[in-house]
Amino acid sequence: MPNTPQGIDFYHTGYCRHPECIACRGGSLRPISFPAMAAHIHADGGMLFDTGYAEYFKTATAHFPEKLYALTTPVVFNQPSLKQQLGDKADTISKIFLSHLHADHIAGLKDFPEIEIICSKKAFDFAKNKQSRFAKLRKGFLPSLLPDDFEQRIQFIEDFQQINLPPDMRPFQTGYKLANGIIAIELAGHAMGHFGILTENVFLIADAAWQIENITEKREPHLLSSLVMDNYAQFRQTLKNLQILSQHNQDLLIIPTHCEKTLSKLWTNK
């Protein structure tokens, strides 16, 4: 792994546990932890990359059918909230970037009122469509986690300037310039409107891979993982692209959100 990046702080907001073999083919049945990471990018006045788990998750999953989420993905809250971990730094946050709208990435949103939110229009359209609560639950989305003024605070990724990426980011070719040195890149497949962020030599890829070995050792998740994917074929293609990128750009630090091995090396408050 390249050196720890400057200008980004990484936070652990809790975790769930699943068998290792689900995340990486060839793994054991031994349960491993999947931490929900959030990151504070210092550039551009301070931007959060996701908000991870928070106590609001418990309220959102207190009743059926949302309770099924908590039963099938038991969450351990072993850390203070992201807002508490940030301390005075929370006052410097000017934007919140949401990689996608799964509960383990947005549960802390209500702790950051009035701050501009950046997410994909595809994700927003899914959140606002008229599907049943059960249908949205199947896609990992809990509507009650969104603040009441969510719609008024949003700026869509797709409305930013689209740019060509440098050759060392191939096979990824285009992204959206959010600010100087901060580029959003679509990582399709895992969820509707799933994006990562490239900043300096760091690529935050959210759930485009669950473990770093998915990329470095080309070990795909188990086929059962397709049950929670928006588009499994697109997910596999995105993962293949990340594997190629990792091979020819070894100075780039690729960071999955749920990889305990990666977070243990980067965690700001451990």
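I'd like the full set of residues that are part of a helix (DSSP H, G or I), touching a Gly at 6+ places or on another chain (Cβ under 6 Å) and not small (Gly, Ala, Ser), limited to the stretch 80-128.
Result: Leu82, Thr92, Lys122.
Being closer than 29 Å to Thr72 by Cα, in contact with a strand residue (DSSP E or B) (Cβ under 9 Å, 6 or more places away or on another chain) and surrounded by fewer than 18 Cβ atoms within 10 Å (Cβ to Cβ): is that true of Asn269 here?
Working: closer than 29 Å to Thr72 by Cα: yes; in contact with a strand residue (DSSP E or B) (Cβ under 9 Å, 6 or more places away or on another chain): yes; surrounded by fewer than 18 Cβ atoms within 10 Å (Cβ to Cβ): yes.
Considered against the rule, which asks whether it is closer than 29 Å to Thr72 by Cα, in contact with a strand residue (DSSP E or B) (Cβ under 9 Å, 6 or more places away or on another chain) and surrounded by fewer than 18 Cβ atoms within 10 Å (Cβ to Cβ), Asn269 comes out as yes.
Within the stretch 216-234, count every residue that is outside any loop (DSSP other than H, G, I, E, B), touching a Gly at 6+ places or on another chain (Cβ under 9 Å) and at pLDDT 95 or above. Please lay out each step first, then the result.
Within the stretch 216-234, the first condition is being outside any loop (DSSP other than H, G, I, E, B), and the residues that meet it are 216, 223-228, 232-234.
Right, trim to touching a Gly at 6+ places or on another chain (Cβ under 9 Å) and you get 228, 232-234.
Next, only the ones that are at pLDDT 95 or above stay: 232-234.
So the answer is 3.
Looking at (1) over 30 Å from Arg133 (Cα atoms); (2) surrounded by fewer than 13 Cβ atoms within 10 Å (Cβ to Cβ); (3) in contact (Cβ under 8 Å) with a residue 24 or more places away in the chain, which is the only condition Val76 fails?
It is condition (1) that Val76 fails.
Can Ala233 be described as surrounded by 17 or more Cβ atoms within 10 Å (Cβ to Cβ) and either within 29 Å of Cys16 (Cβ to Cβ) or of a type in the set (Asp, Glu) (or both)?
On the way: surrounded by 17 or more Cβ atoms within 10 Å (Cβ to Cβ): no; either within 29 Å of Cys16 (Cβ to Cβ) or of a type in the set (Asp, Glu) (or both): yes.
Answer is no for this residue.
So, in the stretch 193-214, exactly how many residues are over 22 Å from Arg17 (Cβ atoms) and surrounded by 20 or more Cβ atoms within 10 Å (Cβ to Cβ)?
Initially, the stretch 193-214 is screened for residues over 22 Å from Arg17 (Cβ atoms), giving 193-204.
So of that shortlist, the ones also surrounded by 20 or more Cβ atoms within 10 Å (Cβ to Cβ) come out as 193-199, 202-204.
Total meeting the criteria: 10.
What do you reckon, is Ala60 within 23 Å of Phe97 (Cα to Cα) and in contact with a Gly (Cβ under 9 Å, 6 or more places away or on another chain)? Before the answer, list the steps.
Details: within 23 Å of Phe97 (Cα to Cα): yes; in contact with a Gly (Cβ under 9 Å, 6 or more places away or on another chain): no.
When the stated conditions are applied, Ala60 does not pass them.
Please state which of the following conditions Ala70 fails to meet, knowing it meets all the rest: (1) assigned to a helix (DSSP H, G or I); (2) hydrophobic (A, V, I, L, M, F, W, C); (3) in contact with a strand residue (DSSP E or B) (Cβ under 6 Å, 6 or more places away or on another chain).
The one condition Ala70 does not meet is (3).
Which of the residues belonging to the stretch 235-257 are in a helix (DSSP H, G or I) and within 20 Å of Leu165 (Cα to Cα)?
Within the stretch 235-257, Gln237, Thr238, Leu239, Lys240, Asn241, Leu242, Gln243, Ile244, Leu245, Ser246, Gln247, His248 meet the criteria.
Output the residue which, of all residues in the stretch 105-140 that are modelled with pLDDT of 95 or more and touching a His at 6+ places or on another chain (Cβ under 9 Å), is nearest to Asp50 (Cα to Cα). Walk me through how you get there before you give the answer.
Of the residues in the stretch 105-140, the ones modelled with pLDDT of 95 or more are 105-113, 115-125.
Right, trim to touching a His at 6+ places or on another chain (Cβ under 9 Å) and you get 106, 119-120, 122-123.
Values: Ile106: 6, Cys119: 10, Ser120: 13, Lys122: 17, Ala123: 14 Å.
For the stretch 105-140, the residue satisfying everything is Ile106.
The values are calculated or read from the model by the stated rules, or taken from the named source; none is laboratory data. Just so you know, these numbers come straight off a predicted model, no measurement behind them. No Cβ is skipped: glycine too gets one built from the backbone with ideal geometry, and neighbour counts run over all protein chains shown.
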